[in-house]
Amino acid sequence: MINLERRAGLPIFLKKDNALGSKSLKLPKADARTFSQIKQVLMSQKTSVKNFYFMYRNVAPKDSFAKYGLRYDITVIPGNKIGSEEVKTAGHYHARVKGTALTFPEVYQVIKGKAIYLLQKKTGRKISDVIVAKASAGDVVLVPPNYGHITINPSKETLVMANIVYGGFKSQYREIAEKRGGAYYAVEKNRKIVFIKNPNYKSAPKIRFRKPKMQGLKSPIYQDCVKNPEKYLFLIKPQKYKGKMRI
């Protein structure tokens, strides 16, 4: 059992089987992403992995987040490889904010392990920007408006991460699935992570390595949002806070 409370801000722990537990919170049932659900975005289909990652939605007590229309989730991604590719989430885009040209942003925080966030901006039918943000325990990373995103676990260690997002829209998985993944695949080569262009994209810009952030957010984001929920209202109306986003 690994205590995650200091980084998470919630009384939770990680069990040996990579399930979340708590002595005082009633955690939601984990939603497992299986091979059949994620195989379309993988570079290789040769794997013995059955469950790729586990999502716990609406972990936070309802009165803390639902009042503002926000949702707090935790995702657990055990360290695995699919051929030479590092294990990852399916990837998706967000819906557009009504009356604007912006999609809803999202905030992630690494609780345990390491993460690579691959963010790609779509302009028309082309990918106009690709950002790779490398993060470790305690780091906070913004998914800016108009960026699709994929989370990659680049190590053998289990990755545990939290996210806060507006709960009033459905994520859009189809476009990334049709391209068999994001614009780049993360693979291990000579004990290093390298990024290989996905040939299903006609073109993809050179990767920018940086950590997009929203001004003023603190880790753990759970406690930060409970104490200062107004800081997270940009997740609902990003058009009012664009100047505070560092991309």
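Computed from the coordinates by the stated procedures, all read-outs in this text should not be read as laboratory data. Fair warning: this is a prediction, and the values are worked out from it, not measured in the lab. Heads up, the Cβs are rebuilt from the backbone with ideal geometry, glycines too, and the neighbour counts pull from every protein chain shown.
General remarks:
- Annotation note: trypsin sites (Lys or Arg not before Pro) in region 134-201 located in DSSP loop regions with a Cβ neighbour count of at most 13 within 10 Å are LYS156, LYS170, ARG191.
- Close amide-amide hydrogen proximity is noted between THR103 and VAL97, ASN146, each under 5 Å apart and 5 or more residues distant or on a separate chain (H modeled in the peptide plane; Pro and chain starts excluded).
- Listed from fewest to most Cβ neighbours within 10 Å, the set PHE35, PHE104 follows the order PHE35, PHE104.
- For region 8-23, 3J(HN,Hα) per residue [Karplus equation, 6.51 cos²θ - 1.76 cosθ + 1.60, θ = phi - 60°, Hz, x = Gly/Pro]: 7, x, 10, x, 10, 9, 9, 7, 4, 8, 6, 8, 7, x, 7, 8
- Largest to smallest principal axis extent of the C-alpha atoms in region 159-247, angstrom: 44, 31, 26
- Summary of the geometry: region 206-244 and region 1-71, compared by the centres of their Cα atoms, lie 21 Å apart.
- Relative contact order (percent, whole number), the chain, Cα cutoff 8 Å, 6+ residue spacing: 22
- Listed cross-link partners LYS16/LYS179; LYS67/LYS179; LYS46/LYS134; LYS112/LYS202 are compared with a 30 Å cut-off, the Cα-Cα value being larger for LYS16/LYS179; LYS67/LYS179; LYS112/LYS202.
- Amide hydrogen proximity for TYR53: with H placed 1.01 Å from N in the peptide plane, the residues at 5 or more positions away or on another chain lying under 5 Å are ARG33.
- In region 49-126, GluC sites (Glu not before Pro) in a DSSP loop with at most 10 other beta-carbon atoms within 10 Å: none
- Note on the chain: along the principal axes its Cα atoms extend 46, 45, 28 Å, ordered by decreasing extent.
- Under Karplus coefficients 6.51, -1.76 and 1.60, residue-wise ³J(HN,Hα) of region 218-230 in Hz, glycine/proline x: 10, 9, x, 5, 4, 5, 4, 6, 5, 7, 9, x, 5
- Cα gyration tensor shape of region 1-129, rounded if a/c is under 1.5, else prolate or oblate by comparing a/b with b/c: oblate
- Subset of LYS15/LYS189; LYS88/LYS192; LYS122/LYS231; LYS29/LYS50 violating a 25 Å alpha-carbon distance limit: LYS15/LYS189; LYS122/LYS231
- Residue order, fewest to most surrounding Cβ atoms within 10 angstrom, among SER64, SER203: SER203, SER64
- Student exercise, region 2-246 dipole from Lys, Arg, Asp, Glu Cβ charges, in Debye to nearest 20: 520
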